[in-house]
1. Net charge near G132, counting Lys/Arg +1 and Asp/Glu -1 over other residues with Cβ under 12 Å of its Cβ?
2. Just round it to a whole percent: the fraction of Cα-Cα distances in segment 1-132 exceeding 21 Å.
3. Under unit Cβ charges (Lys, Arg +1; Asp, Glu -1), what dipole magnitude, rounded to 20 debye, does segment 51-208 have relative to its Cα centre?
4. Between E193 and V222, what is the label-point separation in nm under the 7 Å Cα-to-beta-carbon projection?
5. Using a Gaussian network model on the chain with a 10 Å cutoff between Cα atoms, which of N116, N232, N164 fluctuates the most?
6. So for each of 72-80, 98-106 I average, over its residues, the number of other beta carbons within 10 Å; can you give me the resulting order with the highest mean first?
7. Could you tell me how many degrees, from 0 to 90 and to the nearest 10, lie between the Cα long axis of helix 222-232 and the main elongation axis, the longest principal axis, of the Cα atoms of the chain?
8. To the nearest µm²/s, what D does Stokes-Einstein give for the chain at 25 °C and 0.890 mPa s, using the Kirkwood radius over alpha carbon pairs as Rh?
Amino acid sequence: MSYVLILGAKSDIAKAVARKYAENGYDLYLVARNSNELEAFAQDITVRSQKAVKLIDLDILDYDSHQSFYDQLKEKPLGVISAIGYLGEQEKAQADFNEAKKIIDTNYTGIVSLFNIIANDFEKRKSGFIVGISSVAGDRGRKSNYLYGSAKAAFTAYLSGLRNRLYDAQVHVMTVKPGFVATKMTADMDLQEKLTAQPDEVAEDIYKAQQKNKNVLYTKWVWRWVMLIIRNTPEFQFKKMSI
């Protein structure tokens, strides 16, 4: 069997990614808190693709459980994809550090803890792929979500360093930077239709880019150019903007 490990498997993007990899012949480890909530989804994938789907519980903030979680996988995965994310509330996080810490730890520290363990195994095996779903929010801090953005910026830098470290071991690391995506997490946001992707579009982009060993993926592709403009706006002007 050829397992792909999908973290944060209850998210809309993760579900779309799971379907895409199963369609293309991969078995799946679907990992999430209360993973039993995915039983109907897993059964549907199994019926449609005839691939093995195993559900595993994991709390990404329970760092002490990460090594034992990975050790108990009888068949180690060919690759791992993290769709873990927590947008949080910016204003609440400014006043309550517990919220700020949850944003930082969910989007960065927890994933790094587990990725370090997986990376060490892949490096020894000299094979595998690691895909981290970061965000365009990490390309430049904005007042509306700079705590979330700063955690994603740290994750992007981590993936860049991991890609550099694992290159000689023939382990590929890909950074995914979605813009707006129509998911449960963004349901209350007023998103621009032309800049907003559907989860299935993101999954298609991720699968194709991973198969081609791309290093950084913006999805939708237009976000590469949107963020180029935002990154290169002079600071004296950018700090006055409300975006």
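1. Details: positive: K152, R163, K177; negative: none.
Neighbour charge sum, excluding G132 itself: +3.
2. On the way: 3571 of 8646 pairs.
Result for the distance tail: 41 percent.
3. Details: 20 positive and 22 negative charges, 115 e Å.
The calculated dipole for segment 51-208 is roughly 560 debye.
4. Placing both labels 7 Å along Cα→Cβ, they lie 1.1 nm apart.
5. N232
6. On the way: 72-80: 16.3, 98-106: 18.2.
Those peptides, ordered most packed to least, come out 98-106, 72-80.
7. The angle comes out near 50 degrees.
8. Details: Rh = 18.4 Å.
Answer from the Stokes-Einstein relation: 133 µm²/s.
Read-outs: derived from the displayed coordinates by stated rules, not from any lab. As the structure is a computational prediction, the values presented were derived from the model and not from experiment. Cβ sites come from the backbone with ideal geometry, for glycine too, and all protein chains shown count toward neighbours.
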